[in-house]
Amino acid sequence: MSSSLLFSDEGQNEPVIESEDATVKASSTAIPLIELQEVARTFTTGGGIEVHALRGVDLKIYPGEFLAIVGQSGSGKSTLMNILGCLDRPTAGKYLFAGRDIESFDANGLAWLRREAFGFVFQSYNLLGSESALENVQVPAVYAGLNAHEREIRAESLLSALGLGDRMDHRPTQLSGGQQQRVSIARAMMNGGNVILADEPTGALDTQSGIEVMELLEDLASKGHTVILISHDHEVAAHADRIIEFRDGEIVSDSGPKAANVDSKNNTKLRELFMSRKASSMMAGTGEAIRMALRSLKANIFRTMLTLLGIVIGVSSVVAMLAIGEGAQQEIIQIMNQLGTNIVTVRPERLPGSFRSMPSTLTLEDAALIGTNIPNIVAAIPQMQSRNSNVRFGRNDTQTSVVATTGDMPEVESWPLAQGVFFTNGDSENITSVAVLGSEARADLFPEGQNPLGEYILIGNIPFQVIGILTSKGAQGFNNPDDSIYIPFKTGAVRVFGKDEADEIRVLIDDVEQIDQTEQNVLEYLTALHGTQDMRIYQNTSMLESTSESQKTFTLLLGSVAAISLLVGGIGVMNIMLVSVTERTREIGVRMATGARQSDILSQFLSEAIVVSCFGGVIGITLGLTVGLILQRFEVPIYFSSTPMLLAFTCSVTTGLIFGFAPARKASKLDPVVALANE
């Protein structure tokens, strides 16, 4: 393999120490890259027992050294490596890196140092199972902010130099142990790898693979990288230039520093680099966080589907419920509009303490006078009505409403005819026995296909000739205008009702904006005409407003019930994300070891929650629309509008953000060394 290709520094911001012909012995003039002063590390067990893993360790490591730390299990060497790699902090003592006290670094500062200075090679490889070899190698560069094209080129170069050019798209489970360790070494080199920390790098490998890995580490040391090897095997440690033996948390022997493969110029440059810490790089944008989130969600598709389910149900419920409520409201408004929102109705005053009206004093002349003398009135028509009159044609009879009115009724009610003509005011004056049928009254009296025009019907025992058929208003229920028969006013007064007084006067207003003033004018005029206020005036607009408000309340109630589903979905997101954090604790540790800051981990897991919520919102809206369209086929009034859909989608994303924050924050606050130790 080509060492120059493997350890080139192309595309990196920080200088990698390169060897020159001369080597410099560690001496009093050489400045240590790493210095430990009386470092101790104490752990407290669950039973309150203190365990002293390190006891006052003093150690100086110079740039370019190949150093092996050996000792039996439990001797403290792994704890020392965690402290050296800034995965853990000492309980006491000082750790100086290039002259800078690590104690002064916060969590983000330590992440920066791990990213810029260190490369980790673990015994168990610690590769991300959901990513390919190429993607695993790129992880440190992602957190360094290197763009996708540059980091891919560098990762390909490293893997090719390590003999894995034909295995770049393979996942860890598709690689042998030796190949996985090579990927781990390439990842350690991705950001330069000034200091390589190798923890039992051959422990899980066969003999040949172990030899190859040690050759790689020797090659790294020969090129100027500081290599710190942790091992319990003295044969493996023999490859190093300097051997330190550990026992019971203390150094029991140190062969001492040998030739450091770096000149004093590079030594000074490296020291200056870390003495003047740069601002931490951001992960490569929101797009990178979303890409990583999508990959993670895809790798755990079943868990993702469970997370989606709650959001989908919640959003679809909101869309469908609000569409049903809005549809009902629109239908009521349509019916009210057919009754006329620019019409006021004058009726007799109600009896005190009763819903019954006083005897009517309204007349045909009253209607004519207010229509003539009061401005902003198009027409006024008197009406008298019998709700259950017996009507017969041939052998068909029915009970229906009979309404006596004037020839202006079609204009006032905006009600065109389907067939024939409407009677005139002259027919009323001449007391002509003619009738116009509503669509349902016609259907009740005449067989389908028979033309009613010119036929005679009996209202009571009085014959009336049918001269017209009105179009259907589509109304239903009590006082349905389609289930009525209309006759001239005076004809009804003389031949059917036996009275002159109208039950009500319908007044068509010209300018609806002035309806309140016109209503007041009509009331004052009739009061003056009658000498007393024995009538009341009703507005369809007031009824419409009251009905609309009631319907809005109903729609809000439906929306609230649906919102509860969305809330439950949000709780589901939080629970699944908490499970995800628990399952992926080791992955979080690996990402932190390769330089991820707390904000990067927070961003990644929060992105996963938001991406799930976005997908759930889109699917939920689609499902809600589908349910609505199905209900429409069963003649359920449905009205879709963009506002509820936008609201539902926004709520789903907000739900993901809110309920995903706690698990994401928990992930970001994990201790790297604890996370890495998780199985």
Next on the checklist: I'm checking my understanding of the structure. Among residues of the range 195-215 that are surrounded by 23 or more Cβ atoms within 10 Å (Cβ to Cβ) and assigned to a loop (DSSP other than H, G, I, E, B), which one is modelled with the highest pLDDT?
Outcome noted: P201
Checklist entry - When both residues are 6+ apart or on different chains and their Cβ atoms are under 8 Å apart, which pairs have a first residue that lies in the range 161-173 and is in the same structural domain as V213 (by TED's automatic domain parsing), and a second that is modelled with pLDDT of 90 or more and among the acidic types (D, E)? => result G165/E156; M168/E156
Checklist entry - Hey, among the residues in the range 333-362 that are outside any loop (DSSP other than H, G, I, E, B) and modelled with pLDDT under 65, which one's nearest to E504 (Cα to Cα)? => result L339
Checklist entry - Which condition number does E545 fail, the rest of (1) in contact with a helix residue (DSSP H, G or I) (Cβ under 7 Å, 6 or more places away or on another chain); (2) at pLDDT below 80; (3) surrounded by fewer than 22 Cβ atoms within 10 Å (Cβ to Cβ) being met? => result (1)
Item to check | Index of the failed condition, D58 passing every other in (1) part of a strand (DSSP E or B); (2) in contact with an Asp or Glu (Cβ under 9 Å, 6 or more places away or on another chain); (3) buried (at least 22 other Cβ atoms within 10 Å of the Cβ) | outcome: (3)
Next on the checklist: Can you go through L566, L606 and tell me which one is under 23 Å from G660 (Cα atoms), at pLDDT below 75 and part of a helix (DSSP H, G or I)?
Outcome noted: L566
Checklist outcome for this item: Within the range 637-674, restricting to residues that are hydroxyl-bearing (S, T, Y) and in a helix (DSSP H, G or I), the one that is nearest to R591 (Cα to Cα) is S668
Checklist entry - Only one of these conditions is not met by S401: (1) buried (at least 22 other Cβ atoms within 10 Å of the Cβ); (2) in a strand (DSSP E or B). Which number is it? => result (1)
Checklist entry - What do you reckon, is S78 part of a loop (DSSP other than H, G, I, E, B), at pLDDT below 90 and farther than 19 Å from P32 by Cα? => result no
Checklist entry - If you check every pair at least six apart or on different chains, which have Cβ atoms under 8 Å apart with a residue in the range 442-465 that is in the same structural domain as V403 (by TED's automatic domain parsing) first and a residue that is basic (K, R) second? => result L445/R392; P452/R442; I457/R392; L458/R392; I462/R495
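The values are calculated or read from the model by the stated rules, or taken from the named source; none is laboratory data. This one's a predicted model, so the numbers in the text were calculated from it and none came from an experiment. Glycine gets a Cβ as well: all are built from the backbone with ideal geometry, and neighbour counts include every protein chain shown.
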